[in-house]
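Asks: Pasting a structure below so you can have a look.
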Amino acid sequence: MENKKRIVMDADRIDRSISRIAYEMLEDNKGAEDMIVIAIRTGGILLARRIREKISHIEGVEVPLGILDITLYRDDVIMRGKKPKMGETDIPFSLDDKRVILVDDVIFTGRTIRAALDALMDFGRPRLIRLAVLVDRGHRELPIQPDYVGEKLPSAFWEEVSVNLSESGGSDEVLIL
Amino acid sequence: MKLLLKGGRIIDPSQDMDERSDVLIDKGRVARIAKDMSLSRNKGGGSTQIIDLEGAIVAPGLIDMHTHLREPGFEYKETIRTGAAAAVAGGFTAVACMANTNPVNDNRSVTDFILRQAAAAGLARVYPLAAVSKNLEGKQLTEFNDLKEAGAVGLSDDGRPVISSGLMRQALEYAHSLSLPVISHCEDLGLSEGGAMNESFVSTDLGLPGIPSISEDIMVSRDIAIARYTGTAVHIAHVSTAESVEMIRRAKREGVAVTAETAAHYFTLTDESLRGYSTNFKVSPPLRGARDRDAVRQGLRDGTIDAIASDHAPHASMEKDVEFALAAFGMIGLETSLALSLALVGQGIITMGRLIELMSLNPSRILRIPGGSLREGSIADVTVIDPEREWTVDPSTFRSKSRNCPFEGRRLTGKAVLTIVGGKILYRDAEFLP
Amino acid sequence: MTPASDNAITLTRKDLLGLKDLSRDEINLVLDTAESFKEISTRTIKKVPTLRGTTVINLFYEASTRTRTSFEIAAKRLSADTVNISASTSSVVKGETLVDTAKTLEAMNPDIIVIRHSCAGAPHILARLVSQSIINAGDGFHEHPTQALLDLLTIRQRKGGIEGLKVVIVGDIQHSRVARSNVYGMTTMGARVTLCGPAILIPRSVEQMGVTVETDMKKAVRGADVVMMLRMQFERQRSIVFPSIREYSQLFCLTGDTLELAKKDAIVMHPGPINRGTEIAPEVADGPRSVILDQVSNGVAVRMALLYLLAGGRQ
């Protein structure tokens, strides 16, 4: 399988995408006011931090960052014999009336986002929720579309799209396996 | 009709016989034992059925001196007919049945009833054991002489101990004068009450209330002391502990007229079997530890223990399909005792001759009943055993009415294939003799 | 959705019957999962949809407000439907056998049955009879595994770990399922356990469980990291064996003075409900070293974790 692996986004493209997403977000929101970034564990965490850094660089403000574990909201958790390992949810602030940017690395079937939306509702009543992803690989199974997309990368259903950011070792790259 | 059993290995400890020979049965008696008997030399006319028993063991009919037939009163567990059918299927030509029925066999009319039912069944011989005390209450002795005349062959409050040492003394003395054996269920209720299994690490582990081995030992010790002091005899039922075996061994050496029996589960199983909380392993006295099991085996080997009994204790599913603490004590054994005992022979613990002594000759002597021998002129109660036959215990095929057997699924070797009572074949194994 | 096979974890068993047969990894898994679940109980909306459509039957043959409530709250916070059945053992003796009850429940097709019973082994019998997952909520004097798991979680939170700790369990060991489950769990996790109580309430051969037995409470408590007091339940005993509650307290009540013999940072535990003044002095029960209320809140988290880990595990 090693030989089939191909790099579809390099460090430059990733950085340009993140910048563009940050600018678009700030433009839509008319600034960073009331903005909250919520990363979906685990894929969204590093990406959300990068976005927050960009916003800080552009606007000079630190937007709050929360982490959401959606394990308990999955629609397949009881169907499978094995249980996914749970992570901690860390949203130490109110979401009421906030503009929430939900961040994940890749959008695929849309089921993770569905679970995340349900979970967010249990934490309060945001004014709006927008979705930002680095990669949209298609194959949606639910009527859910991202508001901010780094790149659309057509992929085969059985392929795996892997986003690697240098904070977890290696270099910034998006691979199709 | 005569019956000629040809070519079997005759094992009869009553005449120190272990040889390949033929047995001729006529008019319900053993007519002759001789090698290579031929029909022409057989006088007296009439037809003769010849059965070839090459490779099989021919033994005096097995006698189970301790069973519970449950009738009258608990016919949903077992009847005299179903119990006697289970007996012949297990190789027993005679059984002695305990008195803890409802009503209790503490008077002539119940003894009569048992004998009538047994005669009507026409299967294994049934010898009633009568209660020591009225209604098993341990307060007043039953009419030993009247019961003896009615046909009771011994006395026992089995299921319960005779708590009062005074009453036990009286029972032993009076029974001795009438030549009736007294069979003692040894249990100190003050130690055992509320218990569900042997007190040991296993009971601690399982969180089940324990029955300590000393509950048995103390009463064995008491009964030996009474027998010694009064010069009477006592028979200890279902010996299960190492200390009891040792006390009986010592008492015998010292000349006390004590005899003893054990049951197959005590030399086969230990309390480790209870780990799954299967109620079929709940029995009284309880399954003990490995040390006790080994001591019982040694007692069987060295003559300390005189008999193997089944302590066949049938219970209905509603009494066993319940929580362990609420389940009834007891397991059925008529259809497994022989094979489990044969395992001791297979393991070299006892000889085949000793096995027949334990399961036929000694019970007949202790109870002073016919059988236990193939001497010419003896009643023709014969058990034919295929010692090689392998089979799997499947209680659903048993003739007993109950299914509370802890050995389900166990592979056993050796089986009674022909059970002859009074010259009549009352059980034949379909594979052995179609 | 990202595949769940990465990092997928599970209890590879249908039932939780006791801690005796749980490995160290399995215990850690339950404790780690429980730790994650604690957060849910701090939310405004204390409910996640995880076990939506799952039915949990609480089958209680023995009165219990605490354990039943704890299981019920745990199930409800995971969105499972709960049904409580209270049966008394006496009615069982007269009528339906456990086997009949099992068949009836099985026909109703629940997913998990939580059972408490005054007879040891009842959950094991039930587990053999039905395909549903069985959780033992206490059987006779045998095991009370969820109690021991919440105790382990509490100790781990307070002490950072369990390995190497000296744990003293004081009381009626003979009639205590809490003691047995804790002995199994703690020895598996590497704690050194001392059992302490009146000689007549120490079960036979209990040393074979890998514990030390001490009938002198002062000696037992000396140098302890954890002192766990058991509820003195005179009504559980086969017959009242101990002369009097007063005499019991003289010998085995945890007072401030006795606690001084333990390590300075020792914690005091009790499965509850406490008999103030009988086995534990009020000032100790309410004192700074007492973690009794932590135990209660951890109980919900541990039971949520077990329901979560066992749900969907039916074959």
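Asks: With the requirement that a residue be open to solvent by less than 10 Å² (accessible area, probe 1.4 Å) and not in a helix (DSSP H, G or I), what does region B:128-146 give you? First the steps, then the outcome.
Replies: Pass one, region B:128-146, residues open to solvent by less than 10 Å² (accessible area, probe 1.4 Å): B:128-133, B:142, B:144.
Result: B:PRO128, B:LEU129, B:ALA130, B:ALA131, B:VAL132, B:SER133, B:THR142.
Asks: Looking at B:GLY8, is it of a type outside the set (A, V, I, L, M), assigned to a helix (DSSP H, G or I) and open to solvent by less than 10 Å² (accessible area, probe 1.4 Å)? First the steps, then the outcome.
Replies: Values: of a type outside the set (A, V, I, L, M): yes; assigned to a helix (DSSP H, G or I): no; open to solvent by less than 10 Å² (accessible area, probe 1.4 Å): yes.
Answer is no for this residue.
Asks: Further question on the same structure: May I ask you to say which residue of B:ILE50, B:ILE57, B:ILE80, B:ILE63 is surrounded by fewer than 22 Cβ atoms within 10 Å (Cβ to Cβ) and hydrophobic (A, V, I, L, M, F, W, C)? Talk me through it step by step, then tell me what you get.
Replies: Numbers: B:ILE57 fails: surrounded by fewer than 22 Cβ atoms within 10 Å (Cβ to Cβ); B:ILE80 fails: surrounded by fewer than 22 Cβ atoms within 10 Å (Cβ to Cβ); B:ILE63 fails: surrounded by fewer than 22 Cβ atoms within 10 Å (Cβ to Cβ).
After ruling out the rest, the residue left standing is B:ILE50.
Asks: Identify the single condition in (1) open to solvent by less than 10 Å² (accessible area, probe 1.4 Å); (2) part of a strand (DSSP E or B); (3) more than 17 Å from B:ALA119 (Cα to Cα) that B:THR93 does not satisfy, given that it satisfies every other one.
Replies: Of everything listed in (1) open to solvent by less than 10 Å² (accessible area, probe 1.4 Å); (2) part of a strand (DSSP E or B); (3) more than 17 Å from B:ALA119 (Cα to Cα), B:THR93 misses just condition (3).
Asks: How many residues, within region A:77-107, are at the interface with another protein chain (Cβ under 7 Å from one of its Cβ atoms), out of contact with any helix residue (DSSP H, G or I) (no Cβ under 8 Å at 6 or more places or on another chain) and not basic (Lys, Arg)?
Replies: Total satisfying the criteria: 3.
Asks: To continue, here is another question. Quick one: how many residues across region C:163-174 are out of contact with any Leu (no Cβ under 6 Å at 6 or more places or on another chain) and either crowded, with 24+ Cβ neighbours inside 10 Å or assigned to a strand (DSSP E or B) (or both)?
Replies: 4
Asks: Looking at region C:43-70, which of its residues are part of a loop (DSSP other than H, G, I, E, B) and either at pLDDT 95 or above or within 14 Å of chain A (Cβ to nearest Cβ) (or both)? Outline the logic, then answer.
Replies: Residues of region C:43-70 part of a loop (DSSP other than H, G, I, E, B): C:43-54, C:61-65.
If the condition is that a residue be part of a loop (DSSP other than H, G, I, E, B) and either at pLDDT 95 or above or within 14 Å of chain A (Cβ to nearest Cβ) (or both), then C:ARG43, C:THR44, C:ILE45, C:LYS46, C:LYS47, C:VAL48, C:PRO49, C:THR50, C:LEU51, C:ARG52, C:GLY53, C:THR54 are the ones that fit.
Asks: Report yes if B:ARG70 is among the basic types (Lys, Arg) and part of a loop (DSSP other than H, G, I, E, B), otherwise no.
Replies: Numbers: among the basic types (Lys, Arg): yes; part of a loop (DSSP other than H, G, I, E, B): yes.
Considered against the rule, which asks whether it is among the basic types (Lys, Arg) and part of a loop (DSSP other than H, G, I, E, B), B:ARG70 comes out as yes.
Asks: So, one more: Yes or no: C:SER86 open to solvent by 10 Å² or more (accessible area, probe 1.4 Å) and within 14 Å of chain B (Cβ to nearest Cβ)? Outline the logic, then answer.
Replies: Numbers: open to solvent by 10 Å² or more (accessible area, probe 1.4 Å): yes; within 14 Å of chain B (Cβ to nearest Cβ): no.
Judged against the criteria, C:SER86 is not a match.
Asks: Hey, another quick one. Anything in region A:95-109 that is assigned to a loop (DSSP other than H, G, I, E, B) and surrounded by 14 or more Cβ atoms within 10 Å (Cβ to Cβ)? List them, or say none. Spell out the reasoning first.
Replies: So in region A:95-109, the residues assigned to a loop (DSSP other than H, G, I, E, B) come out as A:95-98, A:108-109.
Result: A:LEU95, A:LYS98, A:PHE108, A:THR109.
Asks: Just need a number here: residues in region A:126-166 that are among the hydrophobic types (A, V, I, L, M, F, W, C) and either part of a loop (DSSP other than H, G, I, E, B) or over 13 Å from the mean Cα position of the chain (by Cα) (or both). Don't jump to the end; show me each part of the working.
Replies: Restricting attention to region A:126-166, the residues satisfying the condition of being among the hydrophobic types (A, V, I, L, M, F, W, C) are A:128-129, A:131-135, A:142, A:144, A:149, A:153, A:156-158, A:161, A:163, A:165.
Still in the list and also either part of a loop (DSSP other than H, G, I, E, B) or over 13 Å from the mean Cα position of the chain (by Cα) (or both): A:128, A:142, A:144, A:153, A:156-158, A:161, A:165.
Qualifying residue count for the region: 9.
Asks: Looking at region C:17-40, which of its residues are closer than 18 Å to A:GLY87 by Cα and small (Gly, Ala, Ser)?
Replies: C:ALA34, C:SER36
Asks: Which of the residues spanning region B:275-330 are within 27 Å of B:THR79 (Cβ to Cβ), in a helix (DSSP H, G or I) and open to solvent by less than 20 Å² (accessible area, probe 1.4 Å)? Working first, answer last.
Replies: So in region B:275-330, the residues within 27 Å of B:THR79 (Cβ to Cβ) come out as B:278-285, B:307-322, B:326-330.
With the extra rule that they be in a helix (DSSP H, G or I), the set shrinks to B:279-281, B:317-320, B:326.
If the condition is that a residue be within 27 Å of B:THR79 (Cβ to Cβ), in a helix (DSSP H, G or I) and open to solvent by less than 20 Å² (accessible area, probe 1.4 Å), then B:THR279, B:LYS320 are the ones that fit.
Asks: In region C:14-31, what residues are over 17 Å from the mean Cα position of the chain (by Cα) and closer than 20 Å to C:ALA74 by Cα? Quick ask: steps written out before the conclusion?
Replies: Step one: of region C:14-31, the residues over 17 Å from the mean Cα position of the chain (by Cα) are C:14, C:25.
Result: C:LYS14, single match.
Asks: Additional query: Which ranges mark the helices (runs of 4 or more DSSP H) fully within region C:205-315 that have 3 or more residues being under 30 Å from C:ILE113 (Cβ atoms)?
Replies: Numbers: elements: C:217-221, C:245-252, C:256-259, C:282-285, C:292-310.
Result: C:292-310.
Asks: Okay, moving on. Being polar (S, T, N, Q), touching a residue at least 24 places away in the same chain (Cβ under 8 Å) and in contact with a His (Cβ under 8 Å, 6 or more places away or on another chain): is that true of A:THR42 here? Even if it seems obvious, please write down each step before you answer.
Replies: Numbers: polar (S, T, N, Q): yes; touching a residue at least 24 places away in the same chain (Cβ under 8 Å): yes; in contact with a His (Cβ under 8 Å, 6 or more places away or on another chain): no.
No: the conditions fail for A:THR42.
Asks: Looking at (1) open to solvent by less than 10 Å² (accessible area, probe 1.4 Å); (2) closer than 23 Å to B:LEU342 by Cα; (3) over 26 Å from the mean Cα position of the chain (by Cα), find the lone condition where B:VAL88 falls short.
Replies: (3)
Asks: Please return the ranges of strands (runs of 3 or more DSSP E) entirely within region B:378-434 where 3 or more residues are of a type in the set (Val, Ile, Thr).
Replies: Where strands (runs of 3 or more DSSP E) fall fully within region B:378-434 and carry at least 3 residues being of a type in the set (Val, Ile, Thr), they are B:382-392, B:411-421.
Asks: State the number of residues belonging to region C:126-175 that are facing another protein chain (nearest Cβ under 10 Å) and of a type in the set (Val, Ile, Thr).
Replies: Of the residues in region C:126-175, 1 are facing another protein chain (nearest Cβ under 10 Å) and of a type in the set (Val, Ile, Thr).
Asks: Answer with yes or no whether B:THR101 is in the same structural domain as B:ASN145 (by TED's automatic domain parsing), part of a strand (DSSP E or B), within 21 Å of the chain's Cα centre (by Cα) and closer than 28 Å to B:LEU155 by Cβ.
Replies: Numbers: in the same structural domain as B:ASN145 (by TED's automatic domain parsing): yes; part of a strand (DSSP E or B): no; within 21 Å of the chain's Cα centre (by Cα): yes; closer than 28 Å to B:LEU155 by Cβ: yes.
Spelling it out, it is not the case that B:THR101 is in the same structural domain as B:ASN145 (by TED's automatic domain parsing), part of a strand (DSSP E or B), within 21 Å of the chain's Cα centre (by Cα) and closer than 28 Å to B:LEU155 by Cβ.
Asks: Only residues that are without any contact (Cβ under 8 Å) to a residue 12 or more places away in the chain and closer than 18 Å to C:ASP32 by Cβ: list them for region A:45-82, please.
Replies: A:VAL77, A:LYS82
Asks: Of all residues in region C:42-69, which are farther than 18 Å from C:ASP81 by Cα, out of contact with any Cys (no Cβ under 9 Å at 6 or more places or on another chain) and in contact (Cβ under 8 Å) with a residue 24 or more places away in the chain?
Replies: From region C:42-69, those farther than 18 Å from C:ASP81 by Cα are C:42-44, C:61-66; that's our starting set.
Okay, now just the ones that are also out of contact with any Cys (no Cβ under 9 Å at 6 or more places or on another chain), so C:42-44, C:62-66.
Hits for region C:42-69 are C:GLU62, C:SER64, C:ARG66.
Asks: Further, regarding this structure: Identify all residues within region C:176-216 that are within 9 Å of chain B (Cβ to nearest Cβ) and touching a Ser or Thr at 6+ places or on another chain (Cβ under 9 Å); write none if there are none.
Replies: If the condition is that a residue be within 9 Å of chain B (Cβ to nearest Cβ) and touching a Ser or Thr at 6+ places or on another chain (Cβ under 9 Å), then C:ARG180, C:PRO203, C:ARG204, C:SER205, C:VAL206, C:GLN208, C:MET209 are the ones that fit.
Asks: How many residues does region C:21-35 hold that are in a helix (DSSP H, G or I) and without any contact (Cβ under 8 Å) to a residue 12 or more places away in the chain?
Replies: From region C:21-35, those in a helix (DSSP H, G or I) are C:24-35; that's our starting set.
From what's left, without any contact (Cβ under 8 Å) to a residue 12 or more places away in the chain: C:25, C:28, C:32.
Looking only at that region, the number is 3.
Asks: Quick one: count up the residues across region B:161-216 that are away from chain C (no Cβ under 14 Å), open to solvent by 20 Å² or more (accessible area, probe 1.4 Å) and of a type outside the set (A, V, I, L, M).
Replies: At the first step, the residues of region B:161-216 found to be away from chain C (no Cβ under 14 Å) are B:161-188, B:216.
Right, trim to open to solvent by 20 Å² or more (accessible area, probe 1.4 Å) and you get B:163-166, B:169-170, B:173-174, B:176-179, B:187-188.
Next cut, of a type outside the set (A, V, I, L, M) only: B:164-166, B:169-170, B:173-174, B:176-177, B:179, B:187-188.
The number of residues fulfilling the criteria is 12.
Asks: Residue under question is B:ALA87, and the condition is that it be among the hydrophobic types (A, V, I, L, M, F, W, C) and touching a Pro at 6+ places or on another chain (Cβ under 7 Å); does it hold?
Replies: On the way: among the hydrophobic types (A, V, I, L, M, F, W, C): yes; touching a Pro at 6+ places or on another chain (Cβ under 7 Å): no.
For B:ALA87, the condition - among the hydrophobic types (A, V, I, L, M, F, W, C) and touching a Pro at 6+ places or on another chain (Cβ under 7 Å) - is not met.
Asks: Determine, yes or no, whether C:THR10 is modelled with pLDDT under 85, in contact with a His (Cβ under 9 Å, 6 or more places away or on another chain) and surrounded by fewer than 22 Cβ atoms within 10 Å (Cβ to Cβ). Lay out the reasoning, then the answer.
Replies: On the way: modelled with pLDDT under 85: yes; in contact with a His (Cβ under 9 Å, 6 or more places away or on another chain): no; surrounded by fewer than 22 Cβ atoms within 10 Å (Cβ to Cβ): yes.
The answer is no for C:THR10.
Asks: When both residues are 6+ apart or on different chains and their Cβ atoms are under 8 Å apart, which pairs have a first residue that lies in region C:119-148 and is in a helix (DSSP H, G or I), and a second that is of a type in the set (Lys, Arg) and modelled with pLDDT under 95?
Replies: Partner pairs satisfying both residue conditions: C:ALA127/C:LYS14; C:LEU129/C:LYS103.
The values are calculated or read from the model by the stated rules, or taken from the named source; none is laboratory data. Please read all numbers here as calculations on a predicted model, not as lab measurements. All Cβ positions, even for glycine, are placed from backbone atoms using ideal geometry, and neighbour counts span all protein chains on display. Just so you know, the surface numbers come from the protein's heavy atoms only, side chains and all, with ligands and any DNA or RNA stripped out. Shrake-Rupley method; radii C 1.70, N 1.55, O 1.52, S 1.80 Å.
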